Amino acid sequence: MRGQEARDQAERKAAMDTLARSSGDDIVRLWNEAGLPSQAKLLRGPETGLVTLRGRIGGGGAPFNVGEATVTRATVRLPSGQVGHCYALGRDKQKAKLAAVADALWQDPARRTEVETMLITPLRSALTAAHEKRHAETAATKVDFFTMVRGED
Amino acid sequence: MYVAVKGGEAAIANAHSLLADRRRGDRSVPALRLDQIVEQLALGVDRVMSEGSLYDRELAALAIVQARGDMIEAIFLVRAYRTTLPRFGYSSPIDTSAMLVERRVSATYKDLPGGQLLGPTFDYTHRLLDPELAAGADVAEPLQRTGEAEAMPRVSAILAREGLIEPDGDMPQDHIPGDITREPLEFPMARDIRLQALSRGDEGFLLALGYSTQRGYARNHPFVGEIRIGEVQLELDVPELPFAVPLGTVRVTECQMVNQFKGSAKAPPQFTRGYGLVFGQSERKAMAMALCDRALRASELGEDIVAAAQDEEFVISHSDNVQATGFVEHLKLPHYVDFQAELDLVRRMRAEYEARENPPKAEEKKDAAE
């Protein structure tokens, strides 16, 4: 039971991560294509605020405050009772609201597969493709050192 | 008696509408869109985010347009906007070793795990203006190279295996990171607070100070152990969720400066370090920050304080360009009353001076008396 709960939490976090990193336009487009229900009562927000970003001295030492970032959050309740949350960088309120509804739908066992296959999976593939493209473009700029023999011996 | 002088409302309103007109410029030239600025003036956007201390590309782009490209004015606008928003909290510390790296170079090791990745750099360009760019030529897609992703440990971790470098900077166990947006600056300050101030500090000011250390004012023999640029994951602990909520990714530049150190009464000979971490792609700023961080650790490492770059109060008090521009630029605002007072004072002093330098002759005095 404990193991299942931890797996559920990890999957929910991964879905929230995908939603946070995706653009609002992509979420809206896939949402409409999937015909997912968007009725929900807004419990909080959507509202934009600041999160102070922390780094670590030397990369791995004590934390310090670097600067702030805009973050928009929303909390919704579905007619079926599930409460969903979203926190995402930026100021896209429509995205925050939809992502919160997606999080709530994800928690409904009857809806989870639909949310995963129609929304999260395509978003994740697009992010992975972009990630791999960027990685390959960077890899092409890797220096391959070679040595040249100079002189007689 | 104080007499308030009114007037200027119409002049101010007209000046602002003239500003709006000049900002727009020739109407036959298409107006800039924010996405054009975000995409094509990306490093300018990064500078405004870094020194405005607010990670939000569109807002930084808007600030740049509104400020007509005046970066410090744009930074000022962003700083002012920040104050209108509520605060949700402090993120978990970012993990730069897990970065999606877009550039990573080391000047201390040629062959290091993960390799040298040049990324989109100005280095090795010939700095010749490009007429094709002016003509709007198409740009080819960059090449790709596929292969296994290699782990990219931080260079400081490689040096640490030999025990010849100091560890990442630690603070006492119960230390809560200071926040200069909440508490006023106090000197001397802890390194974490100094780093926050440096990260939002003026690039030009920090660059000049970093340069001064290289030219011999607080020389500390720096090497770029590593510069890495790329995206890191941001997470926030919130009470409503049982896990840290992922917020998305931000691009940062990190610089690990490695400095030779011959040892002092407080520490053995070893490599010491300076650290730079800034928003966006900005390695000049990250390097300058790391040089200043190292120089400012003089008293911690038992070094003599002999140069400006080592003087914490001097550096940190003057590194913020919004404060600096506010105080310098306020001089152009009306000081009529102050100046009137000064004028009276100078007239009086001058009269006294002249009376002293050219004392009236005795007969003249007598004449005057009669």
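Derivation of every value follows stated rules applied to the coordinates shown; laboratory data play no part. Quick caveat: nothing in here was measured; it's all calculated off a predicted structure. Cβ placement follows ideal geometry from the backbone for every residue including glycine, while neighbour counts extend to all protein chains displayed.
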| What number, rounded to the nearest 500 deg cm²/dmol, is the helix-based mean residue ellipticity at 222 nm of chain A, given -39500 (n - 2.57) per DSSP H run of at least four residues and division by all its residues? | -14500 deg cm²/dmol
| field | Distant-in-sequence amide H partners of A:Lys142 (H built 1.01 Å from N, under 5 Å) | value | B:Leu118
| query | Fewest first, what order do A:His135, A:His85, B:His175, B:His126 take by the number of other Cβ atoms within 10 Å? | reply | B:His126, B:His175, A:His135, A:His85
| task | Distance between Cα centroids, segment A:43-104 to segment B:121-195: provide it in whole Å. | result | 25
| note | Only helices counted: for chain B, with every DSSP H run of 4 or more residues adding -39500 (n - 2.57) and the sum spread over all residues, [θ] at 222 nm is -11500 deg cm²/dmol
| query | What pairs from A:Lys41/A:Lys95; A:Lys133/B:Lys285; A:Lys41/A:Lys93 go past 23 Å between their alpha carbons? | reply | A:Lys133/B:Lys285
| field | 3J(HN,Hα) from dihedral phi, segment B:303-318, Karplus parametrisation 6.51/-1.76/1.60, rounded to Hz, x for glycine, proline | value | 8, 6, 8, 10, 9, 4, 5, 8, 8, 4, 5, 5, 5, 5, 5, 10
| message | For peptide B:229-239, what's the mean number of Cβ atoms from other chains within 10 Å of each residue's Cβ? | response | 3
| Counting only residues 5 or more places away or on other chains, whose amide H sits under 5 Å from the amide H of A:Phe64 once H atoms are built in the peptide plane? | A:Gly55, A:Arg56, A:Ile57
| query | Cross-link partners among lysines for B:Lys110, C-alpha distance below 23 Å, same-chain residues fewer than 8 apart left out? | reply | A:Lys142
| message | Whole-Hz ³J(HN,Hα) for each residue in segment B:144-160, computed from phi via Karplus 6.51 cos²θ - 1.76 cosθ + 1.60 with θ = phi - 60°, x for glycine and proline: what do you get? | response | 10, 9, 9, x, 4, 6, 8, 5, 10, x, 5, 4, 4, 5, 5, 5, 5
| request: Under a 10 Å cutoff between Cα atoms, tell me which one of A:Leu42, A:Leu119, A:Leu50 has the largest fluctuation in the Gaussian network model of chain A. | output: A:Leu50
| note | GNM of chain B, Cα pairs under 10 angstrom: of B:Ala151, B:Ala107, B:Ala63, the biggest fluctuation goes to B:Ala151
| query | Where does the charge balance sit around B:Cys255 when Lys and Arg score +1, Asp and Glu -1, over other residues with C-beta under 12 Å from its C-beta? | reply | +4
| task | Quick one: what are the phi-derived ³J(HN,Hα) couplings along segment A:37-43, Karplus 6.51/-1.76/1.60 with θ = phi - 60°, whole Hz, x for glycine and proline? | result | x, 10, 5, 6, 8, 6, 8
| How many angstrom separate the Cα center of segment B:8-46 from the Cα center of segment B:291-364? | 35
| Between B:Arg273 and residues 5 or more places away or on another chain, which pairs have amide H atoms under 5 Å apart, with H built 1.01 Å from N, and which residues are they? | B:Asn259
